[in-house]
1. Can you tell me how many residues within segment 70-120 are over 17 Å from the mean Cα position of the chain (by Cα), within 14 Å of Ala29 (Cα to Cα) and modelled with pLDDT of 95 or more?
2. For residues that are in a loop (DSSP other than H, G, I, E, B) and within 12 Å of Ala176 (Cα to Cα), tally how many sit in segment 123-147.
3. Please specify each residue of segment 232-260 satisfying the condition of being under 15 Å from Ser189 (Cβ atoms) and of a type in the set (Gly, Ala, Ser).
4. Here is a list of conditions, (1) surrounded by fewer than 20 Cβ atoms within 10 Å (Cβ to Cβ); (2) of a type outside the set (A, V, I, L, M); (3) without any contact (Cβ under 8 Å) to a residue 24 or more places away in the chain, and Pro230 meets all of them except one; can you say which number that is?
5. Which residues, taken from segment 79-117, are touching a Leu at 6+ places or on another chain (Cβ under 9 Å), within 14 Å of Val53 (Cα to Cα) and assigned to a helix (DSSP H, G or I)?
6. Scan segment 32-44 and give yes if some residue there is modelled with pLDDT of 95 or more, charged (D, E, K, R) and either surrounded by 13 or more Cβ atoms within 10 Å (Cβ to Cβ) or within 28 Å of Phe174 (Cβ to Cβ) (or both), otherwise no.
7. Any chance you could count how many residues in segment 72-113 are touching a strand residue (DSSP E or B) at 6+ places or on another chain (Cβ under 7 Å) and either of a type in the set (D, E, K, R) or on the phi > 0 side of the Ramachandran plot (or both)?
8. Taking Ser235 as meeting all but one of (1) in contact (Cβ under 8 Å) with a residue 40 or more places away in the chain; (2) under 22 Å from Ala147 (Cα atoms), write down the number of the exception.
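The values are calculated or read from the model by the stated rules, or taken from the named source; none is laboratory data. Note that the coordinates shown come from a computational prediction; the quantities given were computed from them, not determined experimentally. Because the Cβ atoms are built from the backbone with ideal geometry, glycine has one as well, and the counts that use them run over all protein chains shown.
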Amino acid sequence: MRGHFWRRAFVMIVLALARPAAAQQPIVADLPLGPGNSERVLLLPAPQPRATVVLLPGGAGLIDIGSAGGVEREGNFLVRTRDQWVARGISALVVGPLNGSSLLGLRHTPAYAAALAAAIDFARSRANAPVWLIGTSQGSVAAANGAAHLPGRVAGVVLTSSVTERSRSGETVFDADPGTITVPTLVVSNQFDTCGASPPADGNRLIAARARSPRREFILVASSALRGDPCDAYSPHGYLGIEDQVIQRIADWIAASPTR
């Protein structure tokens, strides 16, 4: 009987260790940014995360984060795939707009770098894990700004479908001092992206501008699915149809980078 008891106990312990960690609830926070200013963030925590990615959407940045963690106007590539990071053991922090207003023309500024610092500090307060900035389209301007001006807070940066040509925002990634970035940098483009603001070949220019990055790479992917305008999220510009593939390649690149 005693042997049977210990065999059952052993099996129960093995099953408990094999069971995946329970998913954690999303966390919504309004971060103060000075008198009368704030930004809302949504944290999707992974159990014992190996990193936290700060997701910076494109366009005007006008996503609506609800108090329960839901997101309206979530079509953006990074926003609609936010749960996929958690499945890979990476926490995801979605950053909303300042005071709910358009971010066009503001993402390269010192004021927006300060807003990013608040979001990064919030992420670091929730988990002792390296923080990466990931921007897409206009959001790549914000990611480059943070990587350039907050190097002590940021482990690395990923720029996807980056705006390198002038458009309605009046700013590009090159306005965010990319030559001062000293953290690992990954640039991702879709070879079928026909948005005039983000020519895929400019990925080489972005890499060349980051001469001080200790690790840098340009990845060119391919998908031609299109629903709507070439600069919208459901297009090659937004990696329609290959979202999982792109996220996996980014996650693998992050995992292979030195932590800090």
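1. Matching residues across segment 70-120 total 0.
2. In the first step, residues of segment 123-147 are kept if they are in a loop (DSSP other than H, G, I, E, B); the result is 127-130, 137-138.
Now drop any that are not within 12 Å of Ala176 (Cα to Cα), which leaves 138.
Selection size over segment 123-147: 1.
3. Residues satisfying the conditions are Ser235, Gly238.
4. Condition (3) is where Pro230 drops out.
5. If the condition is that a residue be touching a Leu at 6+ places or on another chain (Cβ under 9 Å), within 14 Å of Val53 (Cα to Cα) and assigned to a helix (DSSP H, G or I), then Val79, Asp83, Trp85, Val86, Leu116, Ala117 are the ones that fit.
6. Within segment 32-44 (the criterion being modelled with pLDDT of 95 or more, charged (D, E, K, R) and either surrounded by 13 or more Cβ atoms within 10 Å (Cβ to Cβ) or within 28 Å of Phe174 (Cβ to Cβ) (or both)), the answer is yes, since at least one residue qualifies.
7. Total meeting the criteria: 5.
8. Answer for Ser235: the failing condition is (2).
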